[in-house]
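Colleague: I have a structure here, written as structure tokens, and I will follow up with some questions on it.
The values are calculated or read from the model by the stated rules, or taken from the named source; none is laboratory data. These numbers were taken from a predicted model, which means no experiment stands behind them. As a convention, Cβ positions derive from the backbone with ideal geometry for all residues, glycine included, and neighbour counts pool all protein chains shown. Only protein heavy atoms, including side chains, enter the accessible area calculation; ligands, DNA and RNA are left aside. Shrake-Rupley method; radii C 1.70, N 1.55, O 1.52, S 1.80 Å.
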Amino acid sequence: MAAFLRSEDKPVSDAQKSPPPSVPPVPFPSEIPFLHDLGVEFLGMADGEAQVALNLEPRHMNSWQVAHGGVIMTLLDVVMAMAGRSLDPDARGGVTIEMKTSFVQPGGHAGGRIVAKGHAFHRSTSMCFCEGDVWNGDKLVAKAMGTFKYLRRLDVAKKLEHE
């Protein structure tokens, strides 16, 4: 299974060893501390499309020394939610209702850079259906589909406190 290849099983390309020079980061449309801690870079979102990137560090690796599946799934979750949210400027936030991910091959090694791309393909009044993929250069790492519910208010945390 490709997702469990150890780093010594696959050579590291020059493109994976050093990320391309980056432009100054663009801030996320809303503050998400977890993404900040991971080092996720916002590349943009508009018209049902979104992109984020991550320069891989040793802390993003699993025991096989390739990008951890949870890191990959986080990027997919965020980029799909952002793609859907870009279709509704009044949405204050959103929650993931369902997400399915298929891992195609290892996500890269420390020193590499991965890019997640999201696309919203159907929108209803409060729900959006999206797809996303993560790329390591020209190699597809993972694909996902997700369903997201968009909220018009930001008091979700307060509501949870009272339940």
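Colleague: Across region 80-94, in residue order, what do the Karplus-derived ³J(HN,Hα) couplings come to in whole Hz, using 6.51 cos²θ - 1.76 cosθ + 1.60 with θ = phi - 60° and x for Gly and Pro?
Modeller: Working through the residues one at a time gives 5, 4, 5, 4, x, 5, 5, 7, 9, x, 7, 5, 8, x, x Hz.
Colleague: When only the heavy atoms of the protein chains count and the probe is 1.4 Å, how do H68, H119 rank by accessible area, highest first?
Modeller: Highest to lowest solvent-accessible surface, that is H68, H119.
Colleague: Heavy-atom accessible area of E131 with all protein chains present, probe 1.4 Å, nearest 10 Å²?
Modeller: Its heavy atoms expose roughly 70 Å² to the probe.
Colleague: Here is a further query. For region 136-144, just list the computed ³J(HN,Hα) in residue order, Karplus coefficients 6.51, -1.76 and 1.60, θ = phi - 60°, integers in Hz, with x standing in for Gly and Pro.
Modeller: 10, x, 9, 9, 6, 9, 7, 10, 8
Colleague: On to the next question. Given H placed on each backbone N at 1.01 Å, which residues far from V40 in sequence or on other chains put an amide H within less than 5 Å of it?
Modeller: When sequence neighbours closer than 5 places are left aside, there are no close amide H contacts.
Colleague: Apply the Karplus curve 6.51 cos²θ - 1.76 cosθ + 1.60, θ = phi - 60°, to the phi angles in region 66-77 and return the couplings in whole Hz, x for Gly and Pro.
Modeller: With coefficients 6.51, -1.76 and 1.60, one gets 10, 3, 5, x, x, 5, 4, 5, 4, 4, 5, 4 Hz.
Colleague: Whose amide H sits under 5 Å from the amide H of G107, counting only residues 5 or more places off or on another chain, with H placed in the peptide plane?
Modeller: A67
Colleague: Something else now. In region 42-163, what percent of the accessible surface is made up of carbon and sulfur (1.4 Å probe, ligands and nucleic acids excluded)?
Modeller: 55
Colleague: Provide F42, F129 ordered by accessible surface of protein heavy atoms (probe 1.4 Å), highest first.
Modeller: F129, F42
Colleague: Does region 28-163 classify as rounded, prolate or oblate by the C-alpha gyration tensor (a ≥ b ≥ c root eigenvalues; a/c under 1.5 gives rounded; else a/b over b/c gives prolate, otherwise oblate)?
Modeller: prolate
Colleague: Still on this structure, I have one more. Excluding ligands and nucleic acids, what accessible area in Å² is computed for T96 using a 1.4 Å probe, to the nearest 10?
Modeller: 60
Colleague: Which whole-angstrom value gives the distance between the alpha carbon centres of region 38-62 and region 77-114?
Modeller: Here the answer is 9 Å between Cα centres.
Colleague: Also, I was wondering about something else. Once the Cβ-Cβ distance between D88 and M145 is put in as r, and R0 is 22 Å, what FRET efficiency do you end up with, to the nearest 0.05?
Modeller: Working from the Cβ atoms, E equals 0.70.
Colleague: Same structure, new question: Please report the accessible area of I97 (heavy atoms, 1.4 Å probe, ligands and nucleic acids excluded) in Å², nearest 10.
Modeller: Roll a 1.4 Å probe over it and I97 shows about 90 Å².
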